[in-house]
Amino acid sequence: SSGINAEYGGIVGAQVPVGAGIAFGHKFKGDGKVCIALYGDGAANQGQVFEAYNLAALFKVPCLFTCENNHYGMGTSAERAAANPNYYTRGDAVPGIKMDGMNILAVREFTRAVTDWMRAGNGPVVAEVETYRYYGHSMSDPGTSYRTRDEVQEVRKTKDPITMVKAMMIEAELATEAELKELDGECRKIIDDATKFARESPELETHEMFNTIYTDMDGSRIRGSDSMTYGIHSP
């Protein structure tokens, strides 16, 4: 209903050209929708990313190429991995913009303005959204071998999006500190209850892995982990 498709993928950077293709479909159908293709700073050096930029610019498709720059990829700093770590400048003929991804209101207004601009027929945009992850890239990554604990704590203290929006709400008198504290407690209870339910529930049967994957796909055959395994999708 928002008219926005957000495109992810399992192979590093593979979702970017797919996103450009989805955006081309929107332009071809003239449905007024746009596609946001998200990828990290680690994927930004993949060749297919630049191929997608080129084709998107040639056809002026409404694709927002969004580099979520957490500065470390899987564990290598952007300065060590990229000759040009200014990812928003890499689009060549595609205009680029850099923004603070830790500021919730900035993200909202940026997305609104850029998607409106693309819907007006101006073509794609490359966005570099500066962000940060507090934990490792995966379970095998402690997240402290390539940065210090002090750095992580400093970002938590000065740039955390939730802390920042709380301060904004209190300053604008949209909520009191006591109200936000109560809301935080309610959210924690929801999470605790869900965690308890998951841990105490029996393990799901194999057929459940084919369910609740897509909307409007009930009764469709869903491919499993190999070409011989299929299941029937149900809600």
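Computed from the coordinates by the stated procedures, all read-outs in this text should not be read as laboratory data. All values derive from a computational prediction rather than experimental measurement. Cβ placement follows ideal geometry from the backbone for every residue including glycine, while neighbour counts extend to all protein chains displayed.
Which of (i) 0.98; (ii) 1.17; (iii) 1.01 is the computed Rg/Rh (Cα atoms, Kirkwood Rh) for the structure on display?
Among (i) 0.98; (ii) 1.17; (iii) 1.01, the one calculated here is (iii).
Between the DSSP loop rule and a limit of at most 16 other Cβ atoms within 10 Å, which chymotrypsin sites (Phe, Trp or Tyr not before Pro) in the range 176-235 are left?
TYR214
Please state the charge dipole magnitude for the range 105-199, taken about the Cα centre, from unit charges on C-beta atoms (+1 on K and R, -1 on D and E), reported in debye and rounded to the nearest 20.
360 debye
Say we join alpha carbon atoms closer than 10 Å with springs in a Gaussian network model of the chain; which of GLU128, GLU182, GLU203 then has the biggest fluctuation?
With Cα springs under 10 Å in the chain, the top fluctuation among GLU128, GLU182, GLU203 is at GLU203.
Suppose only helical runs count, i.e. DSSP H with n ≥ 4. What mean residue ellipticity at 222 nm does that imply for the chain under -39500 (n - 2.57) per run, divided by all residues and rounded to the nearest 500 deg cm²/dmol?
Value at 222 nm, helices only, nearest 500: -12500 deg cm²/dmol.
What FRET efficiency would be calculated for the residue pair ARG112, SER138, taking the C-beta separation as r and a Förster radius of 35 Å, to the nearest 0.05?
0.60
Where a Cα-Cα gap under 24 Å defines reach, which lysines qualify for LYS181, not counting those fewer than 8 residues away within the same chain?
LYS157, LYS159, LYS166, LYS189, LYS196
Just the Cα atoms of the range 181-233, one point each, no solvent: what log10 I(q)/I(0) does Debye give at q = 0.21, 0.23, 0.25 Å⁻¹?
-0.80, -0.85, -0.91
What is the distance, in nm, between label points placed 7 Å from the Cα along the Cα-to-Cβ direction at ILE170 and at ARG149?
Simple spin-label model gives 2.7 nm for this pair.
Identify the residues of the range 110-135 with backbone N under 17 Å of a label point that sits 7 angstrom from the Cα of ALA93 along the Cα-to-Cβ direction, or state none.
121-126
Quick one: dipole size for the chain, taken about the Cα centre, charges +1 on Lys/Arg Cβ and -1 on Asp/Glu Cβ, in debye to the nearest 20.
700 debye
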